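Taking it in order: structure first as C-alpha cells, then the write-up.
The values are calculated or read from the model by the stated rules, or taken from the named source; none is laboratory data. All of these numbers come straight from a predicted model, not from anything done at the bench. Here the Cβ is made from the backbone with ideal geometry for all residues, glycine too, and neighbour counts use every protein chain on show.
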Amino acid sequence: MENAIEQRKLVIYDLVGIGIGPFNLGLAALSQPIKELNCLFIDQNKSFNWHPGLLLANTTLQVPFIADLVTFADPQSPYSFINYLHVHNRLYKFYFYENFFILREEYNHYCQWVAQQLDNLKFNTLVTDIKQINTDSDGKIYQIFIKNLVDQTISKIYSKHIALGIGTSPQIPAKFSKIKHPNVLHSANFLKYESRLRNLESICIVGSGQSAGEIVLELLKQQGEHPRQLTWLTRANGFFPMEYSKLGLEHFSPDYMTNFYQLDNTTKRALIEKQGLMYKGISKQTIADIFDELYRQTIANKSQPLNLLANTNLDEIDVNNSSSAQQINLHTNNLLNNNTQQFMCDAVILATGYAMQNTRLLNSLKHDLIQNNINSYALNADFSLQSKSINKNKIFMQNNSLNSHGVGSPDLGLGCHRNIIILNSILGYEYYITQKNTVFQNFNFNTQKGHECVTYTTYH
C-alpha cells in the first residue's frame, strides 16, 4: 500500500474535516488563506443548514455577533459577520437594530453565505470508514472511505490530519426511544411538525432548556388561533435562567479552557456537575416573554393555558389504543414527595437535548486510541486524540471535549479559539495568535503554566 501511494502520487490532503457544522465551517474559512495547507471538508447533507427545525421567528443565538466563524482569529477576514452585513447592505440596519444577538435565521444565512464562497467544501458525501496506513514520506496517514450520495460511487481519499466535526443528534431517553406514535416527538424537528399540532387539544413539553422554553413560548403565542391546554414539566427544581453574568461568562474564555484542561479528572467532573446552568438553562428574555404572555392571556382571570410542573419526572409514556385518537398517557412522579400522577395529552414534545453522535468512524483505529476513565476517547491539549503509538499526524475532535476542556467546549464563542489551536498545531507554529490573558479572573487553579500546555512542533 505504501509503495502504491508513492508510485501513483495520490493527493494527500493536509487536513480533511468530516462534518460541516459551524465549527468545521469556521475551520474551513480560517484554513482558506493558508497557502501551505491543502484542505477538504465533507458532509453528507446537501448543503449547510443549521438546526432548521428550530429556526423559529425572533429566536436568537445566545452569544454576541462577534462569536462568528472567524473574528476572534482574524477580524479582517472576508468571512466575518460584519463583512456579511456589509455585502448585503445591512450594516446600518444592524446598527439601528441595537442588538448584539444575531437572529438564528440570519446566522444560518450568514453561514450559508460563507459556505458558498469556499472552494474546500464537498457536500453529499458520506464517510464510511477511516483507516491508518504508512507512507515513506509522510509517516502514518489516514485513508478515508467516502460514498458519493448522488451517484452512489465509493472512493478513497488520503489526509495527514482529520478534524472530526460530526456534531450532535437529538437525544431521546432510552425508555422512550422505542415508542411508536406520530405525536411523540423531539424538539429538534419542531418546525417540521408544528402545523399538524394546531388542531390538537392538549400538548405536553418535557424539559427546561432553551429549546423547551422557545417552543412553549411559540405555542403560547398561537393560543388565539389554536387554543390548547399546554403542560410544561421538568425534573429540574424549576424553570431557571442560564447563567449570564459578566464574570460568569468568563468561564467561556480561552484562559478558563486552557487551565481547566490541566486539572485532574475527578476535579473536572465535580466542576462540570455544578455548572449545568451555565449552558443548560433558559435565557432570561425567553422566561420573561413566557411570563408576560401568561399575564396577558389571563386578564380578567381567564383560564391559564399553561400548567408548569417542576420537580416532576416523566416515568412512562404509553398509548391508549382504546381511543380512536390514540391519546398519549403520561405517568409522572413528583421528586419532592413521590406522588404519582397520570394525565392524557394528544402530543408530547421531548426537549431532552442532544448527545454526541456515535464515534463508530473511529472503530478501525480504536486499538491505537487511549480511552479516559469515562469510556470516551482521551484528548490532548490541542484537541487531538491521544494515541498509544507515536504519530505526527492527528485526529482533532470538534465539540466533544466538555469533560477534558470544560464548560465552554460546545459554545460557539470558543469554536474559533479551538480552530486556532488546531491549525497552529498542524502547522507547527503560531499562524493565528492564541489569545491569552482574556479575563479579569485568575483561572490558574493549581498552576502558573497558562497556555504553555499547548506546544507547537514544526514538521514542515
Quiz item: Yes or no: Asn189 surrounded by fewer than 17 Cβ atoms within 10 Å (Cβ to Cβ) and in contact with a Gly (Cβ under 6 Å, 6 or more places away or on another chain)?
Solution: yes
Quiz item: Any idea which of Thr359, Thr352, Thr340 is touching a Lys or Arg at 6+ places or on another chain (Cβ under 9 Å) and either in the same structural domain as Val216 (by TED's automatic domain parsing) or β-branched (Val, Ile, Thr) (or both)?
Solution: Thr359
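Would you confirm whether any residue within region 345-363 is assigned to a helix (DSSP H, G or I) and over 24 Å from Phe383 (Cα atoms)?
Of region 345-363, the ones assigned to a helix (DSSP H, G or I) are 360-363.
Of the ones still in play, those that are also over 24 Å from Phe383 (Cα atoms) are none.
Checked against the condition, which is being assigned to a helix (DSSP H, G or I) and over 24 Å from Phe383 (Cα atoms), region 345-363 yields no hits at all.
Does Ile203 meet the test of being within 26 Å of Gln44 (Cβ to Cβ) and in contact with a strand residue (DSSP E or B) (Cβ under 7 Å, 6 or more places away or on another chain)?
Working: within 26 Å of Gln44 (Cβ to Cβ): no; in contact with a strand residue (DSSP E or B) (Cβ under 7 Å, 6 or more places away or on another chain): yes.
When the stated conditions are applied, Ile203 does not pass them.
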Quiz item: Quick check, is Leu217 buried (at least 17 other Cβ atoms within 10 Å of the Cβ) and not charged (D, E, K, R)?
Solution: yes
Exercise. Return yes or no: is Leu200 closer than 20 Å to Ile317 by Cα and in contact (Cβ under 8 Å) with a residue 60 or more places away in the chain?
Key: yes
Practice problem: Please name all residue pairs, on different chains or six or more residues apart, with Cβ atoms under 8 Å, provided the first residue is in region 110-125 and is of a type outside the set (D, E, K, R) and the second residue is assigned to a helix (DSSP H, G or I) and surrounded by fewer than 16 Cβ atoms within 10 Å (Cβ to Cβ). | Solution: Trp113/Val87
Quiz prompt | Index of the failed condition, Ser177 passing every other in (1) without any contact (Cβ under 8 Å) to a residue 24 or more places away in the chain; (2) within 30 Å of Val439 (Cα to Cα); (3) polar (S, T, N, Q) | solution = (2)
Quiz item: Taking interchain pairs and intrachain pairs at least six residues apart, which have beta carbon atoms under 6 angstrom, with the first residue in region 376-394 and over 22 Å from Thr258 (Cβ atoms) and touching a residue at least 60 places away in the same chain (Cβ under 8 Å) and the second hydroxyl-bearing (Ser, Thr, Tyr) and in a loop (DSSP other than H, G, I, E, B)?
Solution: Lys392/Tyr459
Practice problem: Restrict the check to region 308-320 and report whether at least one residue is under 24 Å from Ser195 (Cα atoms), over 30 Å from the mean Cα position of the chain (by Cα) and not aliphatic (A, V, I, L, M). | Solution: yes
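Filter region 369-418 down to the residues that are of a type in the set (S, T, N, Q), in a loop (DSSP other than H, G, I, E, B) and on the phi < 0 side of the Ramachandran plot and list them by number. Step through it out loud before you land on a result.
Applying the first criterion (of a type in the set (S, T, N, Q)) to region 369-418 yields 371-373, 375-376, 380, 384, 386-387, 389, 391, 393, 398-401, 403-404, 409.
Narrowing further to those that are in a loop (DSSP other than H, G, I, E, B): 372-373, 375-376, 380, 386, 389, 391, 393, 398-401, 409.
Asn372, Asn373, Ser376, Asn380, Gln386, Ser389, Asn391, Asn393, Gln398, Asn400, Ser401, Ser409, listed by residue number.
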Quiz item: Considering only region 185-230, how many residues are in contact with a Phe, Trp or Tyr (Cβ under 7 Å, 6 or more places away or on another chain) and farther than 17 Å from Thr286 by Cα?
Solution: 1
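Let's see how each residue does on (1) modelled with pLDDT of 95 or more; (2) more than 17 Å from the chain's Cα centre (by Cα); (3) among the small types (Gly, Ala, Ser):
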site	(1), (2), (3)
Tyr13	yes, yes, no
Gly19	yes, no, yes
Gly26	yes, no, yes
Ser31	yes, yes, yes
Asn38	yes, yes, no
Phe41	yes, yes, no
Asn58	no, yes, no
